[in-house]
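The values are calculated or read from the model by the stated rules, or taken from the named source; none is laboratory data. Not measured: the values here are computed from a predicted model. As a convention, Cβ positions derive from the backbone with ideal geometry for all residues, glycine included, and neighbour counts pool all protein chains shown. Heads up: the accessible areas ignore ligands, DNA and RNA and are worked out on the full protein's heavy atoms, side chains in. Shrake-Rupley method; radii C 1.70, N 1.55, O 1.52, S 1.80 Å.
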Amino acid sequence: MTLILPSALPLPLLSTILDTLFTNFQAPTISLLSSPALSTAAAGLRSGLVVDVGWRETVVTSVYEYREVQTLRSTRATKLLGEEILMMLSRLINPELSQMKNPDARAAARELLSFEECEEVVTRMAWCGPGQNKSPPEEHTDGLASVKEEDEFRSSMRSLKIWGGTETEPQVSIPLKSCSPPRTLEVAFSNLSDPCEDALFAKGVPESELDDEEMPLHLLIYRSLLKLPTDVRSICMARIILVGGGSKLPGLKSRVLNELSTLVQQRGWNNVQGKAVEAYRNNPKLNKARSRNFDDGPIPVTAGQEVPAYLQPHDEDPIEEALRRESRKRNPPMEEGSLRAIDSLGAWSGGSLLSHLKVPAVSVIDKDQWLQHGSLGASRGGEISVSSRQSMGPGAFKTAGGGGDRSSWTLGLWA
Amino acid sequence: MSTFTPYTYFQCPCTDSSPPVRNIGSDSPTSIHSSSSEDEKAFDPRAPRANYSLYPLEHLLYCEDCHQIRCPRCVLDEIVTYYCPNCLFEVPSSTVKSEGTRCTRSCFQCPICIAPLSVSSLEAPPEGLGAEHASQGGPYVLNCPHCSWSSKEIGIQFDKPNGIFTQLSKIKNGGDPVITARERRKDREERSRDSAPGPVTDEDGVQDETVVKLDPNEVLDAESQFSNLKAFYQAQLAEASPANALGFSGGDYGYGSPGALSRIMGLYTGGTYADKKSKAKKGTMREAQNAFEGLKIVAPNSEDALIAKLQNEGWDATSSSLQRDEQSTHTPFISDLRPIAYLLRTKRSKRCKTCRHILSKPEAKIQTTRFRIRLVALNYIPSISIKPLQPLLSTQLQAPLVPMKPTQFLLTFKNPLFESVKVNIATPAQTPGRFASKITILCPQFEVGANTDAWEEALRDGSKGVEREKRRTKAEASEGQLQAEAGKVWERGRNWVSVVVEVIPASLKPSPDFLKTEAQRKLAEEGGEDDRVREDEDVVEIPVFVRVEWEADTGGEDGGLGKEKEGREKRELAYWCVLGVGRIG
Ligand SMILES: [Zn+2]
Ligand SMILES: [Zn+2]
Ligand SMILES: [Zn+2]
Ligand SMILES: [Zn+2]
């Protein structure tokens, strides 16, 4: 039996899950795998920045060589999106809500529509706009974004009336049954992307007013990348993996990439932020290529502008270089330094993939040993040495198999 | 007014014996003292955990070896057969492993309304003489008789009327063929041959199949991404696995062996930098490079078409979340939905978790619903039914309980055993919870007759019936209404006994401040308690502790050849029940 777990699952919870599985489902052994590592493997990658847009929170985990490097979280996720959609719909049903104070309006909105129906609207009709800055994402050597596609995109955007159309906005009708009396709402299609702006991208809220746990998605990803060592960052930024239910929101992936490239363009990978830095950066004498402050509103579209990656130069290390050259002989060069999103099949498919390949996990827990010793029987610190050949790292998968010697075992990440 | 039907739930005793939750951090498990004092307390049917241990009697089994009630939590399930609920074909478990848990014949559910789909021909039905014997030709479609959806709507037709599952797996929505795993493999081999130096050797020599040329930037669907990824990983493992390079001897190090796999797939000895060194030396597995290998790069603006479709076609074109849940991939639009192959079902036998004896075993044949063995608790422990003592007028049928007005209920215990049983029942004086109703059992001890032949009762009926009649008239005469006596059984039959329980329903209004206990007042001051009635708090649920004693044969089973009838054994069974008697109005 294989368990796929979030990497921050508390030990008491894990213990209870294992107790239940061993006593009620009679599994002989249980393997533990971490979901971000599996999402990476299910994308065909060894490293990546896994952005899990879930229900209660969005978790950004950087994975380097199947090992989790760091994790950042934000409450901006699907639950919040649902609440914003509810508010939008309720204001359309009862315009008086717009005049009410926020908590009152929210309580009143909950009386108007059922949760289920609101969720239904979220999954069926919500979408995410491309953002205001429409600088085209970087071209890839693979020739993915061809000129033709770019043109198609523009025309489709024009048809979406996103680019300053003056004609009447297209409407969609949404049948609602849980409000009394049941009715069909006519909603401007663009309205259906507004909740996403508020919920996931904190539109109109200056960054300085946001708490650490309510970072909008693009800032969360940017900050996460910023905290990484340069070489890991350059690998991870070319491997942004959006997973989770929220990642299915149409347009979200492109939007995240757009916002990110804007951020990188404006700020580079500099930890220092603030007015002085902005002033310095925006000084036309010092720098002509940079655009205006992020929070100041629309940024003029500069078509065809290349997004520089602003990577700091590596500290050159001759041995390192030699090793790198050596490994390149064997392996094709790794894509790095550019912004790129990769689709993953998700953690569960990743688990299934590894099971097909019979790849053992770091933590394989034996039923009898668990029932005898519980979590106390595990080797401490996630370290385990098997068959004296190699020691285990706290990585996602087992380092050495070592002919079934399970006399010592570990809870890996979860210890 | 919602209707209320009185109910009786039984608590399986296994909840008490469940192992205490290990206390992480401390070396000792939860102290024994606290758990034993827990046992002595009255069972609270409103405790959050109670829901998981209460069952109607019909849902419980009984282990004859442990002499104990068994609930779904203390039995082990074993799958006897897998079968398709639609065509009732048995599926061998090996096939379930390889093909998955869905029917692979022609059984499908409608993706719109989940009604069973039927195969029909698109050709006009033949007419004239012998029409009923003429077979219709293809092409065929799947049709929904309920909502008249047809697979034609998603551009799918079939050449043959049978084996729909296999045919469907080869067609995408819209009618394009699916590139099969086999074709992908062919293509892969072709490519590796092209890149390999030296003369091309065609081993099998068969080239009749057209090789599909694949695009390295192909937009993969989930299934082909999975199969490409799997092939890629396998190739990487195979490349690096041969028996060289491994430090230890013995064992099988073909790919698939943990030794080889873990060395390649995985990874990590020490720090990042030491690691790079070892990686370079050993040549770890690389990442996927293109769509052939399962890499799927998100093309910029790849979702624009989706958004445009959402805008142009609107709500009606999107699939509901119920419909999406039935699909194996993400299907935002109705046009993405595919017919749902029927999920297989199982027949299971159940074993006692303690002694592993079989408690329930269905007939293996799928068409029958009979059981070979079925030890239901209904045949071993007395059932309890509840009804109000005062005969209700028809208009009063669902009359709620009146607060503070004593109301009497009749509990009828029916004995399924062939021995008479002694029954002891006990309740706390008040129901647990915020609104405490007072409970009095008028007759807590009584004997229930054996479940003997019905004929015997018929023969004896004469005298008994008269007696019952007498009793009732006497009671009615005394006060003009029914009056129960303390310590006496209300009514008695061949294998049943009715006793009276009196309930004084609590008032649902918050008790005035001076009546509140110290603790309650404290709670209220802290704002922890609010006076509103929470969901189902107005239902009077009486916890009842039942103890049943009887004498049973012991020698009955183990071939009591020489043994005389001395093998009488005293048996005892004790458990909590919950009686839901009514809602306070
Ligand atoms: Zn039980
Ligand atoms: Zn079938
Ligand atoms: Zn249908
Ligand atoms: Zn048993």
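Odds and ends about this structure:
- Computed label-point distance, nm, for sites A:Arg183 and A:Glu213 using a 7 Å Cα→Cβ extension: 3.8 nm
- Heavy atoms of A:Glu116 accessible to a 1.4 Å probe, total area in Å² rounded to 10: 130 Å²
- In terms of its C-alpha gyration tensor, region A:1-112 has a prolate overall shape, because the principal axis ratio a/c (a ≥ b ≥ c, square roots of the eigenvalues) is not below 1.5 and a/b outweighs b/c.
- In nm, spacing of pseudo-spin labels at B:Gln390 and B:Glu153 (7 Å Cα→C-beta vector): 5.7 nm
- Heavy-atom accessible surface that B and A bury in contact, both chains counted, 1.4 Å, Å² to 100: 7100 Å²
- Simple label model, 7 Å out from Cα along Cβ direction - B:Asn51 to B:Arg534, nm: 1.1 nm
- Residues with amide H under 5 Å from that of B:Glu491, placed H, sequence gap 5 or more: B:Ser498
- Each residue was assigned an accessible area with a 1.4 Å probe, and for B:Lys172 the value is about 80 Å².
- Three-way shape label, region B:282-371, alpha-carbon gyration tensor, a/c 1.5: oblate
- Amide hydrogen proximity for B:Asn86: with H placed 1.01 Å from N in the peptide plane, no residue at 5 or more positions away or on another chain lies under 5 Å.
- If R0 equals 60 Å, the separation of the Cβ atoms of A:Ser408 and B:Lys172 corresponds to a calculated FRET efficiency of about 0.75.
- Shielding by other protein chains, B:314-324, mean Cβ within 10 Å: 4
- For B:Leu344, the accessible surface of its heavy atoms amounts to roughly 30 Å² (probe 1.4 Å, protein chains only, rounded to the nearest 10).
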